[in-house]
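Remarks on the structure that follows.
The values are calculated or read from the model by the stated rules, or taken from the named source; none is laboratory data. Here the structure is a predicted model, which means the values were calculated and not measured. Cβ sites come from the backbone with ideal geometry, for glycine too, and all protein chains shown count toward neighbours.
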Amino acid sequence: MPNIVVLGAGVSGLTTAYLLSKDPANKITVLAKHMPGDYDIEYASPWAGANYMPVGKEGSDHARWERETWPYLKEITEKYPEAGIHFRGTLIYNRKKDQESDTGKWFSELTQPNPWYKDVVLDFKPIPSEKLAPGVDNAQEFTSVCINTAIYLPWLVGQCIKNGATFKRAVIKHIADAAGEHHTGGKADLIVNCTGLSAKTLGGVNDSKMHPARGQIVVVRNDPGPMASASGTDDGETEAVYIMTRAAGGGTILGGSYQKHNWDPLPDPNLANRIMKRAIALTPSLVKPGQGIEGLDIVRHGVGLRPLREGGTRIEKDEIDGVKIVHNYGHGGFGYQASFGCSVEAVALVKEALQGSPRAKL
Ligand code: FAD
């Protein structure tokens, strides 16, 4: 029976551990500095909205991972209401003038009129041009999902535990050291590296292609109805506007920003004002008629760092200091919506890497 350590308990580590744990032959330890319940600038997953708004370019691995993730999220939403995901109407607005901004490029696939994902999400339809506000070049609506991360991440932990996995806190300086942390006391046959942005500084990995895209949010109690997102704002090319109401009383997330190479963990109050004003301009139903930001009932302000990787997400086999590794990190702003697609691929690599390993019976 292979001893496997999954290093990292964000959505990437938990989804990979969940899929691995379905095979009772695998003995799994999930090892992490931060676990669900923690809020920390080194831990991206709790800060995410999180919803499914595909951004991968047509024909890319990224788009494939998003396409392959949808059926899993849909099934969990339908079968397991306790997982904290619900279906939600979604409105997407595109302004051609945003095309060259950081936000416009990030959302370029999402906002185009005839995207690949039109046959993946539910009820996709264009919004007729006569219904568009001035300045909006095209728009569409569909049904997507919104994930309450405060419920979903613990749900994943519960599924892993139910399947026999063990959870352990530790801070690892060099990736090969994780092999000595398996809960059985034996050496791990393989480590799955799901350390997100910390892959930049983790010994043995030190991936210089990793950098943050800072996302600032405001969580409010107001419920505007559908989710909404636009290609950009008039407040600078690293600022964004999106609104999503989480399942099961999780509040509404108002975003945001997409500030590359910005590590600032503290909410900027001026940016928070702009986020709230833009959200109301995009979705007036957030507040009562005539109200401005004073009509918002704030739960908290937050900042998360999206783990972006130049050249794309790293899902590959490796061997470091004689220890077998499978990497699964660098999911930028799409860690949830690509989670199952990426983890299925990582699990296949785990099986490949363990072929021939004395304890592997896969
Ligand atoms: P993380 O969640 O950062 O987890 C890393 C794990 O590794 C942690 O457990 C950490 O403790 C552990 N770790 C790291 N180094 C070590 C070490 N040396 N020793 C021990 N443990 C270690 N995605 C979507 O799909 N949809 C959205 O709507 C969405 N919205 C977002 C909004 C915001 C504001 C932000 C910030 C992100 C958003 N994202 C969204 C992106 C998504 O949150 C990330 O892609 C995802 O959370 C990355 O997960 P991860 O598991 O790879 O990394």
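Might you let me know whether segment 201-212 holds any residue that is away from the ligand (no atom under 14 Å from the Cβ), under 28 Å from MET35 (Cβ atoms) and either touching a strand residue (DSSP E or B) at 6+ places or on another chain (Cβ under 7 Å) or at pLDDT 95 or above (or both)? Quick ask: steps written out before the conclusion?
Taking segment 201-212 first, the residues away from the ligand (no atom under 14 Å from the Cβ) are 208-209.
Next, only the ones that are under 28 Å from MET35 (Cβ atoms) stay: 208-209.
Checking which are either touching a strand residue (DSSP E or B) at 6+ places or on another chain (Cβ under 7 Å) or at pLDDT 95 or above (or both) leaves us with 208-209.
Checked segment 201-212: at least one residue is away from the ligand (no atom under 14 Å from the Cβ), under 28 Å from MET35 (Cβ atoms) and either touching a strand residue (DSSP E or B) at 6+ places or on another chain (Cβ under 7 Å) or at pLDDT 95 or above (or both).
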Among residues of segment 17-43 being near the ligand (Cβ under 8 Å from one of its atoms) and in contact (Cβ under 8 Å) with a residue 24 or more places away in the chain, the residue nearest to TRP263 (Cα to Cα) is GLU42
Whether any residue in segment 297-306 is over 28 Å from SER208 (Cβ atoms) and crowded, with 21+ Cβ neighbours inside 10 Å is what I want to check. no
Of all residues in segment 307-328 being touching a Lys or Arg at 6+ places or on another chain (Cβ under 6 Å) and part of a strand (DSSP E or B), the one that is farthest from the ligand (Cβ to nearest atom): VAL326
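This table checks each residue for (1) closer than 30 Å to PRO126 by Cα; (2) buried (at least 22 other Cβ atoms within 10 Å of the Cβ); (3) touching a residue at least 24 places away in the same chain (Cβ under 8 Å); (4) within 16 Å of the ligand (Cβ to nearest atom).
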residue	(1), (2), (3), (4)
GLY8	no, yes, yes, yes
THR15	no, yes, yes, yes
SER45	no, yes, yes, yes
GLU58	yes, no, yes, no
THR69	yes, yes, yes, yes
GLY89	yes, no, yes, yes
Restricting to segment 238-271, give me the number of residues that are under 18 Å from the mean Cα position of the chain (by Cα), hydrophobic (A, V, I, L, M, F, W, C) and within 22 Å of ILE151 (Cα to Cα). 5
Within segment 93-113, the count of residues that are under 18 Å from ILE253 (Cβ atoms) and either assigned to a helix (DSSP H, G or I) or modelled with pLDDT under 95 (or both) comes to 3
Going through THR90, THR77, THR69 one at a time, which residue ends up being hydroxyl-bearing (Ser, Thr, Tyr), more than 17 Å from the chain's Cα centre (by Cα) and at pLDDT 95 or above? THR90
For segment 131-176: of the residues being crowded, with 19+ Cβ neighbours inside 10 Å and more than 16 Å from the ligand (Cβ to nearest atom), which is farthest from ALA25 (Cα to Cα)? ALA139
Looking at segment 279-306, which of its residues are out of contact with any Lys or Arg (no Cβ under 8 Å at 6 or more places or on another chain), away from the ligand (no atom under 15 Å from the Cβ) and part of a helix (DSSP H, G or I)? ILE280, ALA281, LEU282, PRO284, SER285, LEU286, GLU294
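Within segment 20-38, restricting attention to residues that are within 19 Å of the chain's Cα centre (by Cα) and surrounded by 22 or more Cβ atoms within 10 Å (Cβ to Cβ), which residue is nearest to ALA150 (Cα to Cα)? Quick ask: steps written out before the conclusion?
So the first thing to find is which residues in segment 20-38 are within 19 Å of the chain's Cα centre (by Cα), and the list is 30, 32-38.
Filter once more, so that each one left must be surrounded by 22 or more Cβ atoms within 10 Å (Cβ to Cβ): 30, 32, 36.
Working: VAL30: 18, ALA32: 17, PRO36: 7 Å.
Per the criteria, the residue is PRO36.
Report the residue count in segment 46-80 for those that are closer than 20 Å to ARG214 by Cβ and out of contact with any strand residue (DSSP E or B) (no Cβ under 8 Å at 6 or more places or on another chain). Steps first, please.
Narrowing segment 46-80 to residues closer than 20 Å to ARG214 by Cβ: 46-51, 53, 55.
Keeping just the survivors that are out of contact with any strand residue (DSSP E or B) (no Cβ under 8 Å at 6 or more places or on another chain) gives 55.
Number of matching residues: 1.
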Filter result (within 14 Å of the ligand (Cβ to nearest atom) and hydroxyl-bearing (Ser, Thr, Tyr)) within segment 213-261: SER229, THR238, TYR242, THR245, THR252, SER257, TYR258
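Provide a single number: the residues in segment 137-157 that are in contact (Cβ under 8 Å) with a residue 60 or more places away in the chain and out of contact with any Pro (no Cβ under 6 Å at 6 or more places or on another chain). Walk me through it before giving the result.
In the first step, residues of segment 137-157 are kept if they are in contact (Cβ under 8 Å) with a residue 60 or more places away in the chain; the result is 141, 144-157.
Next cut, out of contact with any Pro (no Cβ under 6 Å at 6 or more places or on another chain) only: 141, 144-148, 150-152, 155-156.
Summing the residues that are in contact (Cβ under 8 Å) with a residue 60 or more places away in the chain and out of contact with any Pro (no Cβ under 6 Å at 6 or more places or on another chain) in segment 137-157 gives 11.
From the residues in segment 177-191 that are part of a helix (DSSP H, G or I) and of a type outside the set (A, V, I, L, M), which one is surrounded by the fewest Cβ atoms within 10 Å (Cβ to Cβ)?
Filtering segment 177-191 for residues part of a helix (DSSP H, G or I) gives 177-181.
Now narrow it down to the ones that are of a type outside the set (A, V, I, L, M): 177, 180-181.
On the way: ASP177: 17, GLY180: 14, GLU181: 17.
Restricting to residues being part of a helix (DSSP H, G or I) and of a type outside the set (A, V, I, L, M), the top hit is GLY180.
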Which one is farthest from ALA48 (Cα to Cα), of the residues in segment 123-182 that are polar (S, T, N, Q) and over 25 Å from the mean Cα position of the chain (by Cα)? SER129
